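Laboratory data are not the source of any read-out in this text; all were calculated from the coordinates shown. It should be emphasised that the depicted structure is a prediction, and the values quoted were computed from it without experimental measurement. Note that we place each Cβ from the backbone using ideal geometry, even for glycine, and neighbour counts take in every protein chain shown.
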Amino acid sequence: MVALGDRTCPVLFRNGAVAELATRIAALGGVAHCVTDAHVDALHGAALRQALDVAGVRHAWSRVPPGEVHKTLATVAGLYDELLARGISRRDVVVAFGGGVVGDLAGFVAGTILRGVRWIAAPTTLLAQVDASVGGKTGVDHALGKNLIGVFHQPTLVFADAAWLATLPRREIRSGLAEVLKHGAIADAGHLERVVAEAPRLLAGDGEALRPVIAASVAIKARFVAADERDEGCRALLNFGHTFGHAIEAEAGGELTHGEAVALGMRIAARLSVDRGGLTVAELDRLDAALDACELAGDWRPWLRPAVLRRLAADKKAAGGVVNLILLRELGRAVIDPVPLVELTAAAEALARLGGDVRRRR
Ligand SMILES: NC(=O)c1ccc[n+]([C@@H]2O[C@H](COP(=O)([O-])OP(=O)(O)OC[C@H]3O[C@@H](n4cnc5c(N)ncnc54)[C@H](O)[C@@H]3O)[C@@H](O)[C@H]2O)c1
Ligand SMILES: [Zn+2]
């Protein structure tokens, strides 16, 4: 549950319960406007359609092309056209059935069409189940940057069914596990250790193993969201690994997934935490080992090249030249460390040059 007063949002964790999702949609009444992408539709669309039929729900479907490049206002405009032509009413509900791209698109459409209708998030990737579907941020990319247009619009329900993840490519599972490990690193070292212990089953997409891990991860994210819904304070701790991660992801130009880039960003931020935050070398080793266990490759050094630092600087100059770097005081506790950009770049350059304790900087 994400506790937000009258916008409190239940999050349900299941493994093979599409019939229950249909029943819950039926209970809301109105037409279900399902938004999905071509991959998810081909793999799981028939089962949800059938379940909705059995539950007596009137449903209509819109399919967007898969991929981040389609998370745009143009796709949103197409969805407005379809839903309005179909006669969507304020009693209806939008169902976002897909990964984070579908969730951000459909949530944004739900938040803006007819000045806002209810929506259900039915996330089908690990990343969307543990991260994107929780917190009420919706929106699209702009030519000038990712996620620059959007609204906060909490879903009425998040229904995370681990069974959908059985068809997810291993690389997408890994990418989601990076965010799971991030939750452990900033808030609960025990969570991190449980993920390591279960890593082989998690990577294989085993729903029984995934379900409790997803629930624990969401509980952590929900705590930060409930404390700071509009991202003006402690919700920033969820950006651990993302300062460098975003710059690396952009520089990689599609070569790395978001999670892979964030994993490298976490390794870098953890090393800066040893220098500035009080993290011990033993804890750094535990984080490295956890990332290794989740097959999130470890060679961060080549990514601290000048081009990446220039990207980071260009990105952060807009924010006044001070970077709110997220550091670990210990494994399971994060803090915000506002660092002048010049100081951060110098620290990153020093890290890249090696020097000092080589083992620590492997
Ligand atoms: N709103 C938020 O708070 C928030 C937080 C984190 C990320 N995001 C956004 O989420 C997006 C990334 O989400 P994502 O990683 O889920 O990407 P995605 O939605 O592009 O999905 C990744 C790929 O997996 C496919 N897929 C989805 N479910 C599948 C399944 N069950 N089996 C097989 N294939 C499946 C998709 O078609 C796609 O090709 C980004 O746009 C990011 O900005 C939003
Ligand atoms: Zn992320």
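Give the shape of region 1-131 as rounded, prolate or oblate, defined through the alpha-carbon gyration tensor: a ≥ b ≥ c are the square roots of its eigenvalues, a/c under 1.5 means rounded, and otherwise the shape is prolate if a/b is larger than b/c and oblate if not.
Rounded, since a/c falls under 1.5.
Find out how many positive minus negative residues lie around ARG118, taking Lys and Arg as positive, Asp and Glu as negative, among other residues whose Cβ is under 14 Å from that of ARG118.
Combined, the nearby Lys, Arg, Asp and Glu give +3.
What's the exposure ranking of TRP300, TRP164, going from fewest to most Cβ atoms within 10 Å?
TRP300, TRP164
At a 10 Å Cβ-Cβ cut-off, how would you order SER89, SER217, SER175, SER133, fewest neighbours first?
In increasing order of surrounding Cβ atoms, one gets SER89, SER175, SER217, SER133.
Under 1.5 on a/c is rounded, so check that first for region 154-310, then, if it is not, pick prolate when a/b is larger than b/c and oblate when it is not; a ≥ b ≥ c are the square roots of the alpha carbon gyration tensor eigenvalues.
rounded
Does region 87-176 come out rounded, prolate or oblate by the C-alpha gyration tensor, with a ≥ b ≥ c the root eigenvalues, rounded set by a/c under 1.5 and, if not, prolate when a/b is larger than b/c and oblate if not?
oblate
Report the local net charge at ARG90: Lys and Arg +1, Asp and Glu -1, summed over other residues whose C-beta lies under 10 Å from its C-beta.
So the surrounding residues net to +2.
In the Gaussian network model of the chain, springs joining C-alpha atoms below 10 Å, which of ALA350, ALA85, ALA219 carries the largest mean-square fluctuation?
Looking only at ALA350, ALA85, ALA219, the biggest GNM fluctuation is shown by ALA85.
Sort CYS234, CYS34, CYS9 so that the residue with the fewest other Cβ atoms within 10 Å of its own Cβ comes first and the one with the most comes last.
Ascending Cβ contact count within 10 Å gives the list CYS234, CYS9, CYS34.
Please identify the helices of the chain, taking whole runs of DSSP H, that span at least 24 Å along their own axis as judged from the Cα atoms and have a mean Kyte-Doolittle score of 0.0 or higher.
Membrane-span-like by this rule: 207-227, 258-276.
Counting each DSSP H run of 4 or more residues in the chain as -39500 (n - 2.57), what helix-only mean residue ellipticity at 222 nm follows after dividing by all residues, to the nearest 500 deg cm²/dmol?
Using -39500 (n - 2.57) per qualifying helix, the result is -15000 deg cm²/dmol.
Among GLU283, GLU193, GLU232, which one shows the highest mean-square fluctuation when the chain is modelled as a Gaussian network with alpha-carbon springs under 10 Å?
GLU232
In debye, nearest 20: dipole of the chain around its Cα centre with unit charges on the Cβ of K, R (+) and D, E (-)?
360 debye
Given the Cα-Cα distance of ALA350 and ASP206 and 0.36 nm per residue of separation, how much length would full extension add, in nm?
47.7 nm
Starting from the eigenvalues of the Cα gyration tensor, five times each then square-rooted, give me the equivalent ellipsoid semi-axes of the chain, largest first, whole Å.
They are 36, 22, 17 Å, listed largest first.
Please list 145-151, 267-273 highest first by mean number of surrounding beta-carbon atoms within 10 Å per residue.
Peptide ranking by packing, descending: 267-273, 145-151.
Tell me, what is the FRET efficiency for SER89 and ALA314 to the nearest 0.05, using R0 = 56 angstrom and their Cβ-Cβ distance as r?
It comes out at approximately 0.80.
Can you check what the net charge comes to around LEU127, using other residues whose Cβ is under 9 Å from the Cβ of LEU127 (Lys, Arg +1; Asp, Glu -1)?
-3
Points 7 angstrom from Cα along the Cβ direction at ASP53 and GLU20: gap in nanometres?
Placing both labels 7 Å beyond Cα along the Cβ direction yields 2.4 nm.
What FRET efficiency comes out for PHE152 versus ALA197 if R0 is 41 angstrom and r is the Cβ-Cβ distance? Round to the nearest 0.05.
Efficiency at R0 = 41 Å is approximately 0.70.
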